[in-house]
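The values are calculated or read from the model by the stated rules, or taken from the named source; none is laboratory data. Since the structure is predicted, the reported quantities are computational estimates derived from the model, not experimental observations. Cβ placement follows ideal geometry from the backbone for every residue including glycine, while neighbour counts extend to all protein chains displayed. Only protein heavy atoms, including side chains, enter the accessible area calculation; ligands, DNA and RNA are left aside. Shrake-Rupley method; radii C 1.70, N 1.55, O 1.52, S 1.80 Å.
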Amino acid sequence: MSQIPSRNDAPKVYRPVLFPKAVKLVNKVNPLEENEQEIVDSVKAIEPAIKIALKKLDCLYMPVDNGKAVVWPWYENTFTGAGTGTRQQLIFMNEIEKKGLTNTFLTDEWIPGQTYEMFSIRYETDCIKELYERIASTGVEVEPLEDVDEKGLMFCFKDPQGHKFQVWQDPKTETQPMRQGIPVFIRVAALFFPSSDPEASYKWYRETLSGPLNEAGLPVTQAGEEIYFIRSLERKTYNHETPASDSIRYMAFAMFQVNGLSKVHRQMIDQGLRVSHQINDRGGCGRQFQLLDPDGNKWDVWERQTMVHWRRNLADSTDWKQRFLFCDYEGERLIDDFYRNLQGHHHGEAVTTVQVMDYNKICENDPEGVQRLLEALDQFCEQNPDRSFQILLREGWYDSISSYVYRD
């Protein structure tokens with residue numbers, strides 16, 4: 001990591017009161033590769049240790065052999081035309097080169113004394129009986145619908161790829177009919193990771209992520225998704241490799257959202273954890289790195305990000321707000337609409353990083369505009385601390401690897 005620049009080295013647009021927080025970051029496009037085993041060198045963190053907690057599960061990645069012809073149409077036809085996701089999470093089905101991969105594993109822990117093929121996900125629904133009949137009618141493998149220990153109705157099924165899932169309905173939830181265009185799954189309620197030593201895996205989780213625990217003392221995200229480590233009778237991870245040649249080639253199973261990704265990454269490196277060397281900046285799709293658990297399962301650690309572009313074609317506009325466009329995976333908007341969008345989100349889902357692109361060039365062409373932009377963003381964060389965000393100033397365009405932290 002580069003040294004913290006001195007005030008004398010700072011671009012003139014920096015306000016002195018903020019500049020002591022500025023630190024140079026380096027972004028990289030390649031995550032941890034499949035065969036990369038060595039732990040990165042320890043780097044001294046520039047700030048005190050923070051508690052690292054997973055805010056929520058953002059999305060899942062599942063390998064499939066033949067998505068277009070088999071798997072995707074099955075989900076579309078079976079689950080009310082709403083695709084593969086839930087009402088709260090995206091679920092991507094990635095076509096892969098290595099065929100026959102499934103997110104299942106054998107365990108003797110789930111049913112004591114018996115070998116059982118374990119599922120990876122517990123979905124929550126509000127239409128369990130109708131959904132059970134619908135899935136069973138498609139001819140895939142389905143286990144009986146039952147109420148286990150009066151915890152609610154549940155069943156397991158396999159999709160055409162062979163991925164196994166559990167579906168559960170909370171007994172306190174009012175049953176609804178399946179509705180066209182509305183996902184049948186409310187959310188992912190729990191994830192189940194294969195582990196050679198569950199006790200060691202839970203210890204690793206508590207020491208690494210220090211997040212909340214449920215009533216049973218098991219880890220959960222801040223959004224309430226439960227995380228289990230189940231003893232596997234075989235060496236197994238959920239990692240998979242896509243045909244892509246870029247940063248999305250080596251895939252994790254789950255992507256979790258955190259606050260302060262740069263701080264989290266620096267702290268994990270300093271702790272000697274197995275993480276990708278540098279942060280993968282995917283523009284409006286966010287920033288992420290990969291963390292490996294003791295059995296080699298990859299965890300994507302991610303934060304939302306909005307990119308700010310200077311609009312050269314509106315350089316002569318007398319309204320500085322018209323000269324800057326805020327872009328992310330939700331679309332493009334001007335600053336006032338960006339504020340309204342932030343305030344419309346639950347604070348746990350708000351943007352955590354705003355990155356001003358091609359900052360050096362903007363300073364040359366529109367120093368007054370970028371000064372007013374940074375002052376406005378800083379003011380918003382001061383007035384809305386529950387929706388405040390990190391501000392990064394990128395030296396160039398998307399091929400640039402260097403950014404400065406303006407507000408952290």
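Looking only at segment 147-177, residues that are under 21 Å from K56 (Cα atoms) and either in contact (Cβ under 8 Å) with a residue 60 or more places away in the chain or not β-branched (V, I, T) (or both) come to 5 in all. For R333, the requirement of being of a type in the set (D, E, K, R), without any contact (Cβ under 8 Å) to a residue 60 or more places away in the chain, surrounded by fewer than 22 Cβ atoms within 10 Å (Cβ to Cβ) and closer than 30 Å to A252 by Cα is not met. The set of residues in segment 277-319 being exposed (fewer than 15 other Cβ atoms within 10 Å of the Cβ) and among the small types (G, A, S) consists of A315, S317. Residue-level analysis places M93 outside the set of residues that are farther than 22 Å from G224 by Cβ and assigned to a loop (DSSP other than H, G, I, E, B).
Looking only at segment 153-171, residues that are open to solvent by 10 Å² or more (accessible area, probe 1.4 Å) and assigned to a loop (DSSP other than H, G, I, E, B) come to 6 in all. Quick check on segment 321-329. Is at least one of its residues of a type outside the set (A, V, I, L, M, F, W, C) and at pLDDT below 95? Within segment 321-329, one or more residues are of a type outside the set (A, V, I, L, M, F, W, C) and at pLDDT below 95. Restricted to strands (runs of 3 or more DSSP E) entirely inside segment 178-278, those with at least 3 residues that are of a type in the set (A, V, I, L, M) and in contact (Cβ under 8 Å) with a residue 40 or more places away in the chain are 185-195. Among residues of segment 377-408 being farther than 13 Å from Y359 by Cβ and of a type in the set (K, R), the one that is modelled with the lowest pLDDT is R407. From the list E241, E174, E150, E207, the lone residue that is of a type in the set (D, E), open to solvent by 50 Å² or more (accessible area, probe 1.4 Å) and modelled with pLDDT of 95 or more is E174.
Looking at L101, L60, just one residue is within 21 Å of K298 (Cα to Cα), of a type in the set (A, V, I, L, M, F, W, C) and either part of a strand (DSSP E or B) or open to solvent by less than 30 Å² (accessible area, probe 1.4 Å) (or both), and that residue is L60. Just one of the listed residues (I96, I91, I135) is modelled with pLDDT of 95 or more and under 29 Å from the mean Cα position of the chain (by Cα), namely I135. For segment 138-147, taking the residues that are of a type outside the set (D, E) and under 31 Å from the mean Cα position of the chain (by Cα), the one that is surrounded by the most Cβ atoms within 10 Å (Cβ to Cβ) is identified as V142.
The residue pairs whose first member lies in segment 90-102 and is of a type in the set (S, T, Y), whose second member is modelled with pLDDT of 90 or more, and whose beta carbons are closer than 7 Å, counting only pairs six or more residues apart or on different chains, are T102/Q161; T102/G162; T102/H163.
If the condition is being loosely packed, with under 15 Cβ neighbours inside 10 Å, part of a loop (DSSP other than H, G, I, E, B) and of a type in the set (D, E), then segment 361-408 contributes only D399. Open to solvent by 60 Å² or more (accessible area, probe 1.4 Å) and among the β-branched types (V, I, T): is that true of I230 in this structure? Spelling it out, it is not the case that I230 is open to solvent by 60 Å² or more (accessible area, probe 1.4 Å) and among the β-branched types (V, I, T).
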